[in-house]
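The values are calculated or read from the model by the stated rules, or taken from the named source; none is laboratory data. Here the structure is a predicted model, which means the values were calculated and not measured. For neighbour counting, all protein chains shown are included, and Cβ atoms are generated from backbone atoms with ideal geometry for every residue, glycine included. To get the accessible areas, we keep the full protein, side chains included, count just its heavy atoms, and leave off ligands, DNA and RNA. Shrake-Rupley method; radii C 1.70, N 1.55, O 1.52, S 1.80 Å.
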Amino acid sequence: MAFEFEDDQPRWTQVADIMRARISDGTYPPGGRVPSVLQLQEEFGISTSTGQKVHRALRSEGLIRTQSGMGSYVKRQADAG
């Protein structure tokens, strides 16, 4: 079953909103791993570039950090900044 997107907002912002909510509610706890771009593609039926935009936005907001070759993780409070 594919995710149903709203027509009035870019898909990457809708996925980023979902990811922010999951970080906020503890689905992805501090220090925990967040889905990769590939996993976002599979879950939401989005393109690679859309998944990359989601990760870029969350990194720029200081919510996640990406470790090359290791994955992306929710920043701990001490990591933020």
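Observations, loosely collected:
- Inside the stretch 33-49, residues that are under 12 Å from the mean Cα position of the chain (by Cα) and open to solvent by less than 40 Å² (accessible area, probe 1.4 Å) make up a count of 5.
- Members of the stretch 18-62 that are touching a residue at least 40 places away in the same chain (Cβ under 8 Å) and on the phi > 0 side of the Ramachandran plot: GLY31, GLY45
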